[in-house]
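Peer 1: The structure follows.
The values are calculated or read from the model by the stated rules, or taken from the named source; none is laboratory data. Small disclaimer: the values here were computed from a predicted structure and weren't measured. Cβ coordinates were reconstructed from backbone atoms using ideal geometry, including for glycine residues, and neighbour counts include every protein chain displayed. Side chains are part of the model used for accessible areas, which takes the heavy atoms of the whole protein and leaves out ligands, DNA and RNA. Shrake-Rupley method; radii C 1.70, N 1.55, O 1.52, S 1.80 Å.
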Amino acid sequence: QFVTGEEDHHQGWRNGFGSPSVYHAVIVIFLEFFAWGLLTAPTLGALHETFPKHTFLMNGLVQGVKGLLSFLSAPLIGALSDVWGRKSFLLLTVFFTCAPIPLLKISPWWYFAVISVSGVFAVTFSVIFAYVADITQEHERIMAYGMVSATFAASLVISPAIGAYLSQVYGDSLVVVLASAIAMLDICFILVAVPESLPEKMRPASWGAPISWEQADPFASLRKVGQDSTVLLICITVFLSYLPEAGQYSSFFLYLQQIMGFSPESVAAFIAVLGLLSIVAQTVVLSLLMRSIGNKNTILLGLGFQILQLAWYGFGSEPWMMWAAGAVAAMSSITFPAVSALISRTADPDQQGVGQGMITGIRGLCNGLGPALYGFIFYIFHVELDQVPEKEPDSSIIPGPPFLFGACSVLLALLVALFIPEHPHMGARAGSWKKHTSPHGHPHSPHPPGEAKEPLLQDTNGHYPGQECFRTQCVPLIGRA
């Protein structure tokens, strides 16, 4: 089952416990986002206290800077992990992602400043997906990615509720200490227990092996979008649907608490229910839909659910409407796994990285643009937090203008997705892709005639370890965690 199989990994700190498995990746993700989930209630309070004027705008800017930095750095970190192994970069990304946690009580200003700058290294999902790609066969990969995504949702099922309760009973300081301890546990788990997934034979002989700047170019995959009409349609669909999703994740829980009047306990319960429903949707429901109505129709159904939930969020003025829309939102989480499956099924084996790189590159770009866009729309519609609302929401205006903008964007995505072929095949164009593709599945300028460049990290099946994963999503922490 594993690419690394029975191989003897080099001795020392890279050994870990047992053979590398998806379970190692799942534990790393769970601990990291469980720690951030504990801080949901304290972070929302600190955000409003630190930026009493234009809270949504500042939240959008913090998350926007973080997302853009992650988008710019993810391909470089992915390329470096191909040379130096995954474990080193798991340690690096988890450490810097969790570094801001203690600052919440020390200095909230520095806390939000470090969160935005930490985006340079906050690409744990990139390295985790590369780790999973190293140790799974192609037909297992979608389920493995689904496990990782479901684990992220599971980590947020109980942690915000626990954090809100501890904060109310014992104060924010205990919550910050507990979150810091769990982050340290995650770092220790990587150091001691996680084995290296990338075999020695897959890597260059020397740690000093040069890294091509083309590999590290975050815009490289975006430049390839127009070379294939099917890929272009898929990428436009992803951009139009994920832009509002990224913005929603960065501001929605703040919106629930400060505009809709949810208590910290209600926000925590909302996250828990949403997480549980998302786990069911991304495992059981997704599998049933893929078998019964097919890949393309599953994508269309997911986009339909997303339009409904965004419109409901936008017009909803009562708490029960938020709960109902949240249930629909969980169903809309099937869209991206279905898009990944479409790319994985239609691309040639040695072109997986090209297709996935384009999709994840666009998602990374949206993680920067979406939060800033939502913050700006809240700002221009004068949705402010100058008074923490104890009153009923004002129904004379649209309560959530950005969500209506998002619904219109996803409607356009649905119209574009209708034109995606039912059974597209990218393999016919593989020749044109290959000549623009680097050994790691990243585009660059073609080699001069007669200059053969041997793929550096290719295995016997023509796959490149982790090539799907270098520009995957960086999850906005203030909103989602």
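Peer 1: Just read off the accessible area of Phe336 with the full protein assembly in place, 1.4 Å probe, to the nearest 10 Å².
Peer 2: 50 Å²
Peer 1: Now a separate question. Explain nothing, just compute: Karplus ³J(HN,Hα) = 6.51 cos²θ - 1.76 cosθ + 1.60, θ = phi - 60°, for every residue of region 89-103 in order, whole Hz, x for Gly and Pro.
Peer 2: Using θ = phi - 60°, the values come out as 7, 4, 4, 5, 5, 5, 4, 6, 5, 8, 4, x, 3, x, 6 Hz.
Peer 1: Compute the relative contact order of region 16-198 as a whole-number percentage, counting only Cα pairs closer than 8 Å that sit 6 or more residues apart in sequence.
Peer 2: Computed over region 16-198, the figure is 47 percent.
Peer 1: With θ set to phi - 60° and the Karplus curve 6.51 cos²θ - 1.76 cosθ + 1.60, what are the ³J(HN,Hα) couplings of region 333-341 in order, to the nearest whole Hz, using x for Gly and Pro?
Peer 2: So the J values, rounded to whole Hz, are 6, 6, 5, 5, x, 5, 5, 4, 5.
Peer 1: No solvent, one uniform scatterer per C-alpha: report log10 I(q)/I(0) for region 16-198 via the Debye equation at q = 0.10, 0.11 1/Å, two decimals.
Peer 2: -0.41, -0.49
Peer 1: Then there is this: In region 15-106, which chymotrypsin sites (Phe, Trp or Tyr not before Pro) fall in coil by DSSP and have 16 or fewer other Cβ atoms within 10 Å?
Peer 2: Phe17
Peer 1: Which trypsin sites (Lys or Arg not before Pro) in region 215-296 pass both tests, a DSSP loop state and at most 13 other beta-carbon atoms within 10 Å? Provide the component values of the computation, followed by the final result.
Peer 2: Working: sites: Arg223, Lys224, Arg291, Lys296; in loops: Lys224.
Within region 215-296, no trypsin sites (Lys or Arg not before Pro) qualify (loop, at most 13 other Cβ atoms within 10 Å).
Peer 1: Okay, moving on. For His54, His48, His382, write out the residues from largest to smallest accessible area, computed with a 1.4 angstrom probe and no ligands counted.
Peer 2: Listed by decreasing accessible area, they come as His382, His54, His48.
Peer 1: What length, rounded to one decimal in nm, is gained on full extension from Trp110 through to Gln168, with 0.36 nm per residue of separation minus their alpha-carbon distance?
Peer 2: Taking 0.36 nm per residue and subtracting the Cα distance, the gain is 18.5 nm.
Peer 1: For region 371-381, take each phi angle, set θ = phi - 60°, evaluate the Karplus expression 6.51 cos²θ - 1.76 cosθ + 1.60, and give the result in whole Hz per residue in order, putting x for glycine and proline.
Peer 2: Each residue of region 371-381 in turn: x, 5, 5, 4, x, 5, 5, 4, 5, 6, 8 Hz.
Peer 1: Which FRET efficiency value, to the nearest 0.05, do you get for Cys188 and Ala327 by plugging their Cβ-Cβ distance into 1/(1 + (r/R0)^6) with R0 = 35 Å? Intermediate values should be presented prior to the final figure.
Peer 2: Details: r = 38 Å, r/R0 = 1.07.
Efficiency, from the Cβ-Cβ distance: 0.40.
Peer 1: Still on this structure, please answer the following. How do Met147, Met58, Met290, Met184 rank by accessible surface area computed with a 1.4 Å probe, from largest to smallest?
Peer 2: Values: Met147 75, Met58 55, Met290 35, Met184 105 Å².
The residues order as Met184, Met147, Met58, Met290, largest area first.
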